[in-house]
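K.L.:
I'd like to ask some things about the structure below.
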Amino acid sequence: MNCSRRPLPPAPYAALLVVSLLLATPLSAQNDGGRTLVTADRLIDGLGVMHEPGALLILNERIVAVGDDATGASWEQRVDLGDATILPGLIDLHTHLTDAEDAYWEQVLVTTTPSEAALYGAANALTTLRSGFTTVRDMGPAWSFTDVDLRNIIDEGTLPGPRMMVAGNYVSATGGAGDARQFSIYVDVPVVQNLADGVDEVRTAVRTNLKHGADFIKILATGAVLSQGIPPGAQQYSDEELEVAVIEAGRWDRFVAAHAHGAEGIKAAIRAGVRTVDHGSMMDDEGIQMLLAQDFTYYVPTLYVGVIVPREGASMGIPEAQIQRSTEMMRYRNATFRRALEAGLPIGFATDAGVFPHGQNAREFAIRVENGEDPMDAITAATSLNARIMGWENDVGSLEPGKFADVVAVPGNPLDDISSMERVFFVMQGGAVVRHDRER
């Protein structure tokens with residue numbers, strides 16, 4: 001199956017004009033046909049290779065050459081970043097760009113409007129882009145399809161933001177994770193229609209989401225930490241319901257991402273043929289072996305959110321019962337990640353940004369490295385591996401000739417200090433500079 005929704009749009013000129021006006025950043029690499037040479041003390045290509053020194057030659061929106069091939073060619077402009085590391089634009093497989101970060105999602109449905117969510121989405125998209133994440137997979141908004149509108153407005157060049165793959169609306173069972181009607185039985189939010197029970201309703205929900213612009217389907221295979229209803233360890237959709245979602249998405253040449261915490265729900269999602277198991281907190285050894293036996297489904301954990309919610313959940317408006325759920329889930333998340341590493345699983349990079357403030361996505365790197373992942377492997381996960389999972393590897397995820405010039409730089413060497421990934425000071429998208437902090 002081709003996982004890509006469409007050819008990726010170039011970084012639009014209108015969007016970058018907005019950025020330049022907002023940030024007073026010259027569009028030094030967006031030129032009228034001349035070549036730009038970007039250099040630094042080192043370059044990590046996203047495929048696990050370090051080049052010292054680092055050099056990248058760019059023509060318009062695409063990479064022309066890397067390393068010695070770049071420095072040996074002619075160029076009209078040069079951007080020298082000094083003692084820094086050039087990397088591919090980072091990719092986050094699990095974000096929620098729309099809505100305010102400090103608004104608990106159930107409160108959003110009764111206190112805000114979809115237009116408010118869209119405006120927050122525009123601000124969060126810019127913050128995410130400036131933090132070095134030039135591509136994201138957005139996993140569904142509280143207000144349905146506001147992510148579709150945000151993607152479209154970015155693609156057409158009206159606003160700056162990362163390249164987006166969006167869910168549009170998640171598919172959830174009555175009483176399960178993401179049930180948008182967790183209120184008194186006398187209170188309803190009729191405009192939010194994300195509930196589907198039984199094979200026929202799941203099929204209809206998948207078709208409806210794709211009809212209205214979703215790039216993929218997000219289905220909630222188990223309960224959730226930040227939701228009322230069925231516990232996060234419990235499987236909430238039957239094997240048959242999960243399978244029909246995958247089959248129907250496949251008819252549209254799309255894939256399914258499964259929110260899944262509990263072991264049985266994870267294994268049911270793998271059997272159904274989902275593209276990603278997101279969170280995967282309680283995955284057991286059998287689940288790991290199932291993933292090792294095939295090459296389509298990926299484990300995509302979110303570790304940092306398990307740290308921030310117990311610590312700061314109250315200030316973010318999260319109910320105490322759900323903070324406690326998150327605290328309990330911490331017993332599983334890191335141990336599961338370590339067992340997956342030991343087994344040799346490829347592990348996607350994701351954060352659940354939106355539960356915590358956007359722009360902090362890169363804090364996920366340190367948690368992964370603290371739990372045993374090699375820094376280079378963590379960087380590869382957030383670049384070329386994620387691009388392959390999305391089906392966008394022909395355009396993004398590595399610094400290779402022919403790919404979009406989505407480029408970031410961090411001070412020093414992130415292989416020596418992975419926290420430098422949190423200090424991005426240079427961002428280029430499609431060959432145009434959207435951030436270059438002269439003093440750092």
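FYI, it's all coordinate maths here, none of it is from the lab. Not measured: the values here are computed from a predicted model. Ideal geometry is used to build each Cβ from the backbone, glycine not excepted, and the neighbour counts take in all protein chains shown.
K.L.:
Looking at the stretch 90-361 only, what percent of DSSP beta bridges run antiparallel? Nearest 5 please.
P.N.:
5 percent
K.L.:
Same structure, new question: Could you tell me which of ALA122, VAL408, LEU43 has its Cα farthest along the dipole of the chain towards the positive end, charges placed at Cβ (Lys, Arg +1; Asp, Glu -1), taken about the Cα centre?
P.N.:
Positive-most Cα among the choices belongs to ALA122.
K.L.:
Could you order the peptides 201-210, 346-355 from most to least packed, using the average number of other C-beta atoms within 10 Å per residue?
P.N.:
Highest-to-lowest ranking by the protection proxy: 346-355, 201-210.
K.L.:
Let me ask something else about it. Which of the peptides 377-383, 217-223, 64-70 is most tightly packed, and how do the rest follow, judged by the mean count of other Cβ atoms within 10 Å per residue?
P.N.:
Highest mean packing first, the order is 217-223, 377-383, 64-70.
K.L.:
Just how large is the dipole of the chain about the Cα centre, in debye to the nearest 20, putting +1 at every Lys and Arg Cβ and -1 at every Asp and Glu Cβ?
P.N.:
The dipole magnitude comes to about 420 debye.
K.L.:
Still on this structure, please answer the following. Taking all pairs of distinct Cα atoms, average 1/r, flip it, and tell me the Kirkwood hydrodynamic radius of the stretch 68-170 in Å to one decimal place.
P.N.:
15.2 Å
K.L.:
Further question on the same structure: Hey, any idea what the orientation-averaged projected area of the convex hull of the chain's Cα atoms comes to, in nm²?
P.N.:
Directional mean of the projected Cα hull area for the chain stands at 19.1 nm².
K.L.:
Here's another thing I want to ask about it. Which order, highest average first, do 95-101, 161-167, 369-375, 249-255 follow once you tally other Cβ atoms within 10 Å for each residue and take the mean per peptide?
P.N.:
Top of the packing list down: 161-167, 95-101, 249-255, 369-375.
K.L.:
Now for a different question. Among rounded, prolate and oblate, which fits the stretch 126-166 when a ≥ b ≥ c are the square roots of the eigenvalues of its C-alpha gyration tensor, a/c under 1.5 means rounded, and a/b larger than b/c means prolate?
P.N.:
In terms of gyration-tensor shape, oblate.
K.L.:
Going by the alpha-carbon gyration tensor, a ≥ b ≥ c the square roots of its eigenvalues, is the stretch 281-403 rounded (a/c under 1.5) or, if a/c is not under 1.5, prolate (a/b greater than b/c) versus oblate?
P.N.:
oblate
K.L.:
Of TYR298, LEU242, ILE288, which is farthest along the charge dipole of the chain in the positive direction, counting Lys and Arg as +1 and Asp and Glu as -1 at C-beta?
P.N.:
My answer, from the dipole projection, is LEU242.
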